[in-house]
1. Once you average over the residues of B:272-283, how many Cβ atoms of partner chains fall within 10 Å of each Cβ?
2. Could you give the nm distance between label points at B:Glu57 and B:Ser93, where each point is 7 Å from its Cα heading toward the beta carbon?
3. Based on the mean of other Cβ atoms within 10 Å per residue, sort peptides A:201-207, B:224-230, B:270-276 so the most packed one is first.
4. Can you run phi through the Karplus equation (6.51, -1.76, 1.60; θ = phi - 60°) for region A:28-44 and list ³J(HN,Hα) in whole Hz, with x for Gly and Pro?
5. Please compute the length gained on full extension between B:Leu256 and B:Glu74, using 0.36 nm multiplied by the number of residues separating them and subtracting their Cα-Cα distance.
6. Neighbour counts of other C-beta atoms within 10 Å: give me B:His78, B:His241 arranged from fewest to most.
7. Where Lys and Arg each count +1 and Asp and Glu each count -1, what net charge lies around B:Val80 among other residues with Cβ under 12 Å from its Cβ?
8. First measure r as the distance between the Cβ atoms of B:Thr226 and A:Arg172, then evaluate 1/(1 + (r/R0)^6) with R0 = 45 Å and state the FRET efficiency to the nearest 0.05.
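No lab work stands behind these numbers, since they all come straight from the coordinates. Note that this is a predicted model, so its numbers are computed, not measured. In this analysis, Cβ positions are derived from the backbone assuming ideal geometry, glycine residues included, and neighbour counts consider all displayed protein chains.
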Amino acid sequence: MTFWQRALRHKSFVIGGLLVALLIATALLSFVWTPYPAGEIDIPNKLKPMSAAHWLGTDSLGRDVMAMLIVGARYSIAVGVIAVGIGITVGVALGLLAAARRGWVEELVMRGADFTLAFPALLTAIILTAIYGPGLVTSIVAIGVFNIPEFARITRASANGVWAREYVLAARACGKTPWHITVEHVLPNIAAVLIVQATIRFAIAILAEAALSYLGLGTQPPMPSWGRMLNEGQAMMYQAPMLAVWPGLAIVFSVLGLNLMGDGLRDLLDPRLARQR
Amino acid sequence: MHEPGATPDRIISIFLFKRFATFVATLLAASVLIFAALGILPGNAAEVRLGESASPEAVKALSEKLGLDRPPAERYLHWVVGMLHGDLGLSVSYDTPAAELIVERLAVTVPLAVMAMTMTTVLALALGLYAASRHNKLGDVGVMAASQVGIAVPNFWFAILLILLFAVKLQWFSAGGFPGWDDEPWEAFKALILPAVSLAVVQAAILARITRSAVLDVLREDFVRTARAKGLSRDAVLWRHVLRNAMVPVLTVMGLQFANLVTGTIVVENVFALPGLGRLIFQAISNRDVLLVQGIVMLLAATVLVINFVVDVLYAVIDPRLKVHAA
C-alpha cells in the first residue's frame with residue numbers, strides 16, 4: 001500500500017488534513033476576495049447581527065467579521081511558517097552539530113536548550129516587547145526563537161539514533177566526513193520526525209501569536225488578527241457575544257487540524273507501524 | 001561510572017548535589033540574560049521611561065536616581081545582592097519599591113496558580129486513569145477526543161466563554177475584578193474560580209494524555225499481571241500499584257507544565273482584570289518601567305527553575321528503581 005493510500009485511511013490525518021487545507025484555502029482566498037475590505041470602518045453598521053449582508057455580523061466599528069477572519073488566516077499562517085522556519089533552520093543545524101561532534105559541543109547545545117525552559121515563548125515575547133515595542137515581527141521572532149531549542153533537542157535525540165546505526169559506522173569506516181554522513185544519511189532518516197514536530201510547533205505558534213495579539217503585543221492594527229478580535233469581542237460581550245466566539249473557533253479549528261495531522265503523520269511515517277500494515 | 005563500593009544513598013546525594021549546582025548555574029545565567037536584555041541593550045532605562053523628547057538634564061537626574069550612571073557590572077552585582085536581600089529596586093511609575101508591589105500582587109497570583117494546578121492534577125489523573133482502564137473502548141475514545149479539542153483551545157478564549165456563560169448569562173460569578181482577601185475572603189475565592197478553571201482545563205487535557213500513556217505502560221508490566229493473578233480487583237490494582245508507578249513521568253511533565261501555567265496566568269489575569277503579577281507586568285510595560293519588568297521576569301524565571309529542580313529532587317527520591325539501579 002502506498003503512503004497516500006494509507007494516509008487516506010487514517011482518520012486523524014484525513015480530518016486534520018481537511019481542516020489545514022481549509023485554513024490554507026482561506027488564507028489564499030483573502031488575496032483575491034473578501035466579502036468586504038477587511039478593516040473597513042462603517043460606524044452606521046456597527047454591531048449588526050448575522051445576516052445575508054454580513055454573514056457573521058459586524059464589530060463595534062462596523063467592520064465585517066467574516067472579512068477579518070479570512071484575512072486574519074493569512075497572518076496566522078505567516079506567523080506559523082516563519083516561526084517554524086526559524087526553529088527548523090537554526091534548531092536542526094544545532095541539533096545535527098551536537099550529534100555529529102558530541103562531547104562539549106553537544107553538552108553546550110543541550111544545556112543552552114534546557115536553559116530556555118525557564119523562558120516560555122510568551123514570557124520571551126513580553127521581554128522583547130518591553131525592549132523593542134509590540135508588533136508582528138517582534139512576536140514572530142520571539143516565537144521562532146523559542147522553537148530553536150525544541151528542534152535542537154529532538155534533532156539531536158533522533159540523529160544520535162541514526163549515528164549508532166551500522167550503515168553509518170560503515171560510512172565512517174569508508175572515510176566519509178561527518179558533514180557527508182549528516183547530509184546523506186542522518187538528515188533523510190530524521191526528516192519524518194522533524195515534519196511531525198513542525199506541524200505541532202506550527203499549531204503552538206498560532207496559539208502563541210493569538211495570545212500575544214489578544215494582549216496587544218502581536219499583530220497591530222490595521223492588520224486583522226484573530227487574537228485581537230477576541231480582545232475587542234470581549235469588550236462587546238454584553239451587546240454582541242458572538243464577536244468573542246467566531247475568532248476563537250477559527251483558532252481552535254486551525255490548531256486542532258494541525259495537531260490531528262501531526263498525530264496522523266506520526267503514525268504514517270513511523271516505520272515500525274508501517275511494517276505492521 | 002560510579003566508584004566501587006558507593007552506596008545508593010551516596011550516589012543519590014551526588015546526583016542531588018550536581019543537580020543543585022546546575023540549578024544555581026542556570027539561575028545565575030538567567031539573571032545575566034535578563035539584566036543584559038533589559039538593563040543594557042535597550043539603552044538607558046531613564047531615556048526609555050521619559051521618551052525621546054526628554055531633556056538631557058531630566059534623563060541625567062533620573063539616571064542618577066536609578067543608579068544607571070554606574071558601570072553595568074556594578075549595577076548587575078548591586079541588583080543580585082539586592083535580590084538576595086529582597087530589594088528589587090525602585091519602580092519609577094509607582095515610585096514604590098518593586099518588591100513591595102510584587103508581594104502585593106502575589107496575593108492573587110499564587111492562590112490562582114495553586115488552585116489551577118490542583119484542579120489540573122485532579123482532573124488529569126481521574127481522566128487519564130479512566131481512559132487507560134477503558135483502553136480502546138468508548139470511554140477511552142471519548143476522553144482522548146475531548147483532550148485533543150482541549151489542547152487546541154486557547155486558555156484565554158476558554159476564559160471568555162466561561163465569562164459569557166457563568167457571568168453574562170447565568171450571573172453566578174462576576175465577569176472580572178478581585179475584591180481583596182481582607183474584606184470578603186469568600187468573594188475573593190469565588191473571583192478566582194473561573195480563572196483557575198480556564199487555566200486548569202487546557203493543562204489537564206495535555207496531562208490526561210500523558211497520564212493515560214504512563215498508566216498503559218505500567219499496566220503491561222509483569223507485576224500487574226501477578227497482582228491480578230493473586231486476586232486483586234482491577235480498581236485495587238489501578239489505585240494501589242499502577243498509579244504510584246505511573247506518577248514518575250507524570251510528575252516530570254507537571255513540572256514542565258508549570259512554565260505554561262506561569263505564562264497562562266499572565267494572560268488569564270488580563271482576561272479577568274485580576275490585580276496579579278500578570279497585570280502588573282503589563283502595566284509596567286505600558287509605563288515603560290524597565291526595572292519593574294526586570295524584577296518580575298526574574299521572579300517568574302526563578303519560580304520555573306525552582307519548580308523543575310524540586311521535581312528532579314522528588315523524582316530521585318520517590319523512584320526506588322534509581323536506588324536499585326545504582327546498587
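1. Numbers: counts 0, 0, 0, 0, 0, 0, 2, 0, 0, 4, 6, 0.
Across the residues of B:272-283, the mean count of other-chain Cβ atoms within 10 Å is 1.
2. Distance between the two pseudo-spin positions: 2.8 nm.
3. Working: A:201-207: 26.6, B:224-230: 13.0, B:270-276: 22.1.
Ranking the peptides A:201-207, B:224-230, B:270-276 by packing returns A:201-207, B:270-276, B:224-230.
4. With coefficients 6.51, -1.76 and 1.60, one gets 5, 4, 4, 7, 10, 7, 9, x, 9, x, 5, x, 6, 7, 8, 4, x Hz.
5. Contour length minus the Cα-Cα distance gives 62.1 nm.
6. On the way: B:His78 14, B:His241 19.
Least crowded to most crowded, the residues run B:His78, B:His241.
7. Numbers: positive: B:Arg75; negative: B:Glu74, B:Asp87.
Net local charge, B:Val80 excluded: -1.
8. Numbers: r = 46 Å, r/R0 = 1.02.
After rounding to 0.05, the efficiency reads 0.50.
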